[in-house]
1. Suppose we keep only residues that are touching a residue at least 60 places away in the same chain (Cβ under 8 Å) and buried (at least 20 other Cβ atoms within 10 Å of the Cβ) within segment A:600-613. Which one would you say is farthest from A:TYR550 (Cα to Cα)?
2. Just name the residue that is nearest to the chain's Cα centre (by Cα) out of those in segment B:77-90 that are more than 22 Å from B:ALA8 (Cβ to Cβ) and within 7 Å of chain A (Cβ to nearest Cβ).
3. Being in a helix (DSSP H, G or I) and surrounded by 18 or more Cβ atoms within 10 Å (Cβ to Cβ), is that true of even one residue in segment A:230-249?
4. Would you say A:THR640 is in contact (Cβ under 8 Å) with a residue 40 or more places away in the chain, buried (at least 21 other Cβ atoms within 10 Å of the Cβ) and more than 28 Å from the chain's Cα centre (by Cα)?
5. In segment A:814-824, is there at least one residue being within 8 Å of another protein chain (Cβ to nearest Cβ), loosely packed, with under 10 Cβ neighbours inside 10 Å, modelled with pLDDT under 90 and over 20 Å from B:ALA26 (Cβ atoms)?
6. Go through segment A:322-354 and give me each residue that's in a loop (DSSP other than H, G, I, E, B), closer than 20 Å to A:PRO393 by Cβ and β-branched (Val, Ile, Thr).
7. Could you say which residue among B:VAL101, B:VAL96, B:VAL63 is within 8 Å of another protein chain (Cβ to nearest Cβ), surrounded by 21 or more Cβ atoms within 10 Å (Cβ to Cβ) and more than 20 Å from A:GLU529 (Cα to Cα)?
Amino acid sequence: MTTQRQLVVVGNGMVGQRLVEAVRQRDPERRWRITVLGEEPRPAYDRVALTSYLTGTTEAELGLVPDGCYDGDSELVLGEAVTRIDRDARVVETSAGRVVPYDALVLATGSRPFVPPVPGADLDGCFVYRTIDDLDAIRDRAGHVASGVVIGGGLLGLEAANALLSLGLSASVVEFAPRLMPAQVDQGGGEVLRRKVEELGLAARLDTATERIAAVDGGLRMSFADGSSLDTGLVVFSAGIRPRDELARAAGLAVGERGGIVVDEACRTSDPSIWAIGECALAGGRVYGLVAPGYEMAEVVADRLLGGDAAFLEADMSTKLKLLGVDVASFGDAHAATADALEVVYADPVGGVYKKLVVTDDASRLLGGVLVGDASAYAALRTMVGQPLTDTPEKLLLAGPSTSDLGDDAQVCSCQNVSAGAIRSAIHDEGCADVASIKACTRAGTVCGSCVPLLKTLLTQSGVEANPALCEHFDVGRAELFDIVRVTGLRTFSEIIARHGRGRGCDICKPAIASILASLGSGHILDGEQAALQDTNDAFLANIQRNGTYSVVPRVPGGELTPEGLIAIGEVARDFGLYSKITGGQRIDLLGARVEQLPAIWKRLVDAGFESGHAYGKALRTVKSCVGSTWCRYGVQDSTSLAIMLELRYRGLRAPHKIKAGVSGCARECAEARSKDVGVIASENGWNLYVGGNGGFRPRHAELFASDLSDAELVRLVDRFLMFYVRTADRLQRTAAWIEALTEEHGDGLAYLHRVLVEDELGVCADLEAAMDRHAGSYTDEWAAVLDDEEKLSRFVSFVNAPEAPDPSIRFVTERGQIRPADGAPVVAGPTLEVVRR
Amino acid sequence: MTVLDVRAWTVVCRFDRLLPERGVAALVGGEQVAIFRTHDGALFALANRDPFSDAYVLSRGIVGSRGAVPTVASPMHKQVFSLVTGECLDEPGVAVPVYEVRVRDGDVEVAVP
């Protein structure tokens, strides 16, 4: 057995982490032991998505280090900077005095933001934009000031300006060049971009050099070369990056004149045992400030470390991003630097669209292009760079290319360098049938996401239609079925399946149709044929437990309970011998009820003023709240009253999945509203609405959807949100997954919802509100309705031929003073079971 | 020649008591039997015990079809059983007992061996 060699990686950023994973993937025999030394106190996170940290994405969600990535053969040391490389002894030394020997050393130290030598750039209130710590500091400052200025109108500068807007500041960008994003777009594209971002509330000062920053009363004053000045609360520098090459420099490695560790096409430095990758490396005379080339370098070094001969030649600098809702993309030779290149331009300044293609002088091949305002053709156009044109440039500009003739070599995902051939192989050989599985299998689409539409196209072309079919009985998905039922007015399962499906249904389509019928207001869910569609929980208006008994949860709106109510619930639990437990939704769960006991339990609860809490339904569950300004010394709004009002408005609303909501009376968020589908948090000026949160298997925080709403505005917006969800989500899709699916379909799901539900782009808002008004107006208690109906009551028996007999298989034992199911005989499920035939 | 019918038939309930595409449970000679009425009026009877969860709940499952086979899905973990043979269609090798069931004079009768 050969001894393990030591690989030391300096830096745990996106590229350093990618290297570790790339080596691990290629090194199943564990020939390399890996030590990663990171200066930041946290493991690698997604800097591309950094801005989302300010709008609610958590540190954990940004994290890039998979569970189990570091094990016995690899180690991640955080919060320790490497201070010296001793090339003779082949060791590195850290700020904590640790000495780590290496056989191979990879420098992935990244870059630092460049702060121009402007007097005053080091004042309080001046920031850079690179790490989570930077964002925390900016957020703190933003809480006390009204405006912010970003110096630098490049890609990252606009991102930072966007962040300032999302923090509620008025924001400006100061750019030295005569246009925004000078590296990516040309003058024409820059002009459209400026107009669009100014429409969206961002002021842009172009052709402007900052000479000085001074502290003035309560803020900063920026003075410009033209003699003008601007007062602001904070300044963010985003004027480019500088490679962090100081370690290499001190160790005597070759560095470039303007910085950057010189590497060859293997990404090897002037010392053959030392490599450099990412933004600290100077490859082919240039420093790459994008993540995609960094990833490619990581792959090259991983390959070389394991005996391969991969090379980093020239990276694709294509970029696509969405800033303040404006699509901007550039690819290939965007500035027409190729000799005799021709530019074909389409500009619609009114519509805010600018498109340019750069082609060879005979218009036979595509060289590059710029897209502003509409970048839908980006993914397909980028893959065609260097290829013969499939159509005239004008047609390609206006209609976009067809992707059917995408060659296997064409690069689909530039961030992860995945070709069309690799995607096709994942579809055909690995059986990937949807975008999510392609992402998991190839990593394509996992960084910037701009190629996701192309992944869908490739799936469709490979004959793998995104199959919306609900089950073997219906070829359409839930959303389409909802529309069919709504428009045709069909109200029985038999009619619906006869006209739009086949067979007699199953445990998937029947509850789905039951839910649709209930959402459309079709009487009691156990009326007529509907009774046969319901899952056992809905059929018995209670939640089935592991031993076949049910639990009963009365509604406690907003979690507010009178002493009399509390006593009544306690008496019911005592008299029926039920196990009682407080739920996470601020109510009381009564467990262990047999089918024949349910009506008697409900009768007692209904008489005491309670009603069904719909704990059994794919429906609104609870609206959790804190005591709010009524009692709490920190509260700024009456969260309890609002929660009760919301719970009473939306109770009984059947939906594709359960709906949870919460209302907090101040930013301390004691009601945990952001873990709910609908979360409301009080602000000084009203209510902030968050949507799309959930706990469960994959926890998600709800994201801010609208701010400072009045009670009436809030209710209208929640009406629209919930009814649109009810109508268009897939079965068993919580709001978070629904918004994710909208993102796959429309770009940014939340922005899409904003367009539909706030700007009323589809003209459906009035209808959604009316539908919710109908729901609220027609609500009745499902328990009370059964108690009034002899026929329905007769179904609540354990045995049809012995209505009084309890199920003898249900047995309890006592634990901590209450019942619990007795553990029965071991469960037998296997080939030993006898098959009895008639 | 005469074949004696030695099976013991037990009257369970009136046929009208059964809802189309739902089940009921009955106690027959100490056994729990799940009886289902499909949309066309046909009757099927299985053991009520779900072999996967060991709970007596199959009568409360959703009745439907898979291909041409009438089925019930366990309400506990949704495994689908054939109403005709009792076999689990999701887990080959697992099955529940099936019983004979008929309608006589409007009464539903089950035979448990």
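The values are calculated or read from the model by the stated rules, or taken from the named source; none is laboratory data. Because the structure is predicted, anything quoted here is derived from the model rather than measured. Every residue, glycine as well, gets a Cβ built from its backbone with ideal geometry; the counts of neighbours run over all protein chains shown.
1. Keep residues of segment A:600-613 that are touching a residue at least 60 places away in the same chain (Cβ under 8 Å), which gives A:602-603, A:605-606, A:611-613.
Restricting the remaining residues to those that are buried (at least 20 other Cβ atoms within 10 Å of the Cβ) gives A:602, A:605, A:612-613.
Working: A:TRP602: 13, A:LEU605: 16, A:SER612: 14, A:GLY613: 14 Å.
Here the answer is A:LEU605.
2. B:THR85
3. Yes, there is a match, as at least one residue in segment A:230-249 is in a helix (DSSP H, G or I) and surrounded by 18 or more Cβ atoms within 10 Å (Cβ to Cβ).
4. Numbers: in contact (Cβ under 8 Å) with a residue 40 or more places away in the chain: yes; buried (at least 21 other Cβ atoms within 10 Å of the Cβ): yes; more than 28 Å from the chain's Cα centre (by Cα): yes.
Answer is yes for this residue.
5. As a first pass, look at segment A:814-824 and keep what is within 8 Å of another protein chain (Cβ to nearest Cβ): A:824.
The next check asks that each one be loosely packed, with under 10 Cβ neighbours inside 10 Å; those that pass are none.
Scanning segment A:814-824 turns up no residue that is within 8 Å of another protein chain (Cβ to nearest Cβ), loosely packed, with under 10 Cβ neighbours inside 10 Å, modelled with pLDDT under 90 and over 20 Å from B:ALA26 (Cβ atoms).
6. Passing the criteria: only A:THR338.
7. Numbers: B:VAL101 fails: within 8 Å of another protein chain (Cβ to nearest Cβ); B:VAL63 fails: more than 20 Å from A:GLU529 (Cα to Cα).
After applying the criteria, what remains is B:VAL96.
Quick grid of which residues meet (1) surrounded by 13 or more Cβ atoms within 10 Å (Cβ to Cβ); (2) under 17 Å from A:VAL595 (Cα atoms); (3) of a type in the set (S, T, N, Q); (4) within 14 Å of another protein chain (Cβ to nearest Cβ):
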{"residue": "A:TRP738", "(1), (2), (3), (4)": "yes, no, no, no"}
{"residue": "A:GLU769", "(1), (2), (3), (4)": "yes, no, no, no"}
{"residue": "A:ARG795", "(1), (2), (3), (4)": "yes, yes, no, yes"}
{"residue": "A:GLU804", "(1), (2), (3), (4)": "no, yes, no, yes"}
